[in-house]
1. Can we say A:VAL83 is part of a strand (DSSP E or B), closer than 19 Å to B:ASN51 by Cα and either more than 8 Å from chain B (Cβ to nearest Cβ) or more than 15 Å from ligand 2 (Cβ to nearest atom) (or both)?
2. Which ones in the stretch B:260-299 are closer than 30 Å to B:ALA186 by Cα and surrounded by fewer than 18 Cβ atoms within 10 Å (Cβ to Cβ)?
3. Spot the failing condition for A:GLY42; the list is (1) within 9 Å of ligand 3 (Cβ to nearest atom); (2) of a type outside the set (Lys, Arg); (3) at the interface with chain B (Cβ under 8 Å from one of its Cβ atoms); (4) surrounded by 22 or more Cβ atoms within 10 Å (Cβ to Cβ), and only one is missed.
4. Which residue pairs have Cβ atoms under 8 Å apart, sit 6 or more places apart or on different chains, and have a first residue in the stretch B:258-279 that is more than 9 Å from chain A (Cβ to nearest Cβ) and within 14 Å of B:GLY224 (Cα to Cα) and a second that is crowded, with 18+ Cβ neighbours inside 10 Å and aromatic (Phe, Trp, Tyr)?
5. Scan the stretch B:136-154 residue by residue and report those that are surrounded by fewer than 23 Cβ atoms within 10 Å (Cβ to Cβ) and within 13 Å of another protein chain (Cβ to nearest Cβ).
6. When you check A:GLY57 against the structure, is it open to solvent by 10 Å² or more (accessible area, probe 1.4 Å), away from ligand 2 (no atom under 13 Å from the Cβ) and either at pLDDT 95 or above or not hydrophobic (A, V, I, L, M, F, W, C) (or both), yes or no?
7. Looking at the stretch B:234-245, which of the residues that are open to solvent by 10 Å² or more (accessible area, probe 1.4 Å) and part of a strand (DSSP E or B) is modelled with the lowest pLDDT?
8. Consider the stretch B:143-167. How many of its residues are assigned to a strand (DSSP E or B) and over 15 Å from B:TYR346 (Cα atoms)?
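The values are calculated or read from the model by the stated rules, or taken from the named source; none is laboratory data. Since the structure is predicted, the reported quantities are computational estimates derived from the model, not experimental observations. Because the Cβ atoms are built from the backbone with ideal geometry, glycine has one as well, and the counts that use them run over all protein chains shown. When the accessible area is computed, the model is the full protein with side chains, heavy atoms only, and any ligands, DNA or RNA have been set aside. Shrake-Rupley method; radii C 1.70, N 1.55, O 1.52, S 1.80 Å.
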Amino acid sequence: MNLQKQVVVDCYHFSEPCVEIVAEKECDSCRDYVCLYVCPAGLFDVQNGEVVFNSSGICLECGACRLVCDNIRFRYPAGGQGVIHRFG
Amino acid sequence: MEKKGGKPEKTKFQVLVIGAGAAGTTAAYFLAKAGVDVLLLERGPYPGSKNMSGGAVYSLPTRELVPDFWLEAPVERVLVDQQYWLMTETSAVKLGFSSVDFDNPPYNKFSVLRAAFDRWYASKAVEAGAKLWSGCKAESLLFDGRQVIGARVSGTVNDDILADITILAEGANPLLAEQAGLIKKAEAKNYSLYVKQLFHLPENLINERFHLKGRQGSVIGLLGDNTAGLIGTGSIYTFREHIGINTGISVKTLAEKKVNLSDIIDRVNHHPAIDPLLREGTLVEYLAHMIPEGGFNAIPSMVFNGAVIIGDAAGLVNGTHGLSLAMYSGKYAADTAVEALEKGKYSRKVLKAYRDRLENSFVLKDLRDNRKVPALYSENPKLYEDYIKLVNQVAFEVAAVFPVSRREKRKLIESRAFNAKSAGKMLLDLYKVIKVIR
Ligand SMILES: Cc1cc2nc3c(=O)[nH]c(=O)nc-3n(C[C@H](O)[C@H](O)[C@H](O)COP(=O)(O)OP(=O)(O)OC[C@H]3O[C@@H](n4cnc5c(N)ncnc54)[C@H](O)[C@@H]3O)c2cc1C
Ligand code: SF4
Ligand code: SF4
C-alpha cells in the first residue's frame, strides 16, 4: 500500500499535531493497537516497540482515532490550518 | 474587514452558526433572508475546505431551498444513470436504471465536489446578508449558568462572540457539544469511516467508459467484496473531469477486525470490474471523513438553553443520506430561531419547536422508520455477504453455458438459490441493504 503517495497529493497548511497520546505508559500495556489500523493516514506507528504518533504527517481530520481509544485526544487544528480539500 | 488574529468590528450577534457545511450554511441563509443579524463561522480557510461527500446533491430538497440552484451552483454532472454492483472478489452483478428524463429540469440529482459547492452555497448566505468568518474556529462554548451565550473563537478573529442563539453545525465530530457536556462522547459503533480517492481523467474518456453523453453522469453503489467481506458500502461517482471512489466501514469493525481502509480502497481499485474505469487516471486527492450511521436510536439531545444542534453533529443521517437532512435541519433551526427572537426568549422550552419541526418532517419520520436497519445490518454481517455471493453464483450459472437442457438448468439454479434462502426473503433483504446505501 502506497499511503505515502496518497497523502502527498493532498493540500495542507501547517498545524500543530491534532492528536495527543494522553498517557504514553498506557500504550505499553495496550494489546489492541487499534490506533494503528483505524487511522486512514497511517499516522500511528510502532518504533522500537513503542507506539508513536507521526506528528509531522498529514492528519486527514476524520476523528476516527478518538472513537477507538480513550488514550487519544483529538482536536481540530487551529482556524485556517490543517488539510485543505481542493475538491472534496 | 478583519485582519489576521485581529479584533472583530463587532462581537455580539443575534445568532451564531458554527460550521459552514450544508447544515450551517442553510441556517445562516434563511436567517439572513429573514433579516436576522447572523454570523457564520468556518474553521477551514474557505467553506468546503474540510468537507467531503460521495458526490450527489439532490434536486428536490435543494431546489425547495434555493429554486433553480443548478443554473448557478457549480454542479459537475447531471446524474441520469444509477447502478448497484453486488461484488465478489472476481465478479459483479450489475443492476441499474438510467433515464434521460432525469436530464431535464427539475432533474433528479447532480454530482458535486464539496470544496466548490459549499463555497458557492456559503456565498448565497453572504449575499442574503449573513456575515462569514472563514479560517475562524470556535474553541469552546460560552455559558451564563446553563444558558449557552456564544463561543470563544480563534484564527482570523480572536475574541468571545456573544449570541442570543448558537447553532452548532460542526459536522460528524460534535467536539464542542461534547466538550461542553451537552452530549455524551460519540461511540465508535455509531460511525462509519470513509476514504475517498479522486482521479483526474479527460472528460471524453469518462464519457466513453461510462457510456455517457455530454454532461450526463453516472453513480455506482458498491456492495460486497469492495469492503473485503466486512459490512460496509462504497460508491463511484463521475464528475466532469474526475472519477471519485469511496469506501466506508463501521469504525467499530475496523478496530475489531484490525483492517485499514487505505488497504481496502486499494484492493477495490484493482477489482476486475473497477480497474478498467480508473485506468490511467491521476490520483489528485485522498481524503477521509466519518458518517454518523447510528440512525434514529443514536440521535442525541438536540435542544439546549440558547443552543440547538443540526446536521451530522446531531446524527441526522439516513443510511448514507445526510445532505438533505442537514439542509432541512438548518432550515428548521432558522425558522425556530426567528420565532424565538420575536418572542425574545431563548430557553430550551422555546427552542424545542426545532425538534418538533424535525419530528413532523421527513427527517425524523424516515429515520424513525429505518431505525431497525442499522442493527439489522450489523447483527447479520454474514447475511449480506452470503446473499451477494449467491446472487453472483446464480448469475454465473445463468450466463454460463452448460451441457444440460434449459429446463434442467433452471431447476439447478432454482435449487441452488432457493435452498439457501426463500426467494422473497432474499429480495426483501437485498432491498433493505440497497435502501441503506442508495
Ligand atoms: C464519503 C461520504 C459520502 C457521502 N455521500 C453522501 C451522499 O451521497 N448523499 C448525501 O446526502 N450525503 C452524503 N454524505 C453525508 C453528507 O456529506 C453529510 O451528511 C453532510 O455534509 C452534513 O452536513 P453538515 O453541515 O452537518 O456537516 P459538514 O458538511 O461536515 O460541515 C461541518 C462544518 O463545520 C466546520 N466546523 C467544525 N467544527 C468547527 C469549529 N469548531 N469552528 C468552526 N467551524 C467548524 C467544518 O469545517 C465544516 O465545514 C456523505 C459523506 C461522506 C463522508
Ligand atoms: S494510543 Fe490507544 S490504541 Fe494506540 S497503542 Fe496507545 S492505548 Fe493502544
Ligand atoms: S483524525 Fe483521522 S487521520 Fe488524523 S490521526 Fe486520527 S485517525 Fe488519523
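1. Taking the combined requirement at face value, the residue satisfies it.
2. Scanning the stretch B:260-299 gives B:ASP263, B:ASP266, B:ARG267, B:ASN297.
3. It is condition (4) that A:GLY42 fails.
4. B:ALA273/B:TRP85
5. Across the stretch B:136-154, the qualifying residues are B:GLU139, B:SER140, B:ARG152, B:SER154.
6. When the stated conditions are applied, A:GLY57 passes them.
7. Among those residues, the one meeting the criterion is B:SER235.
8. Matching residues across the stretch B:143-167 total 9.
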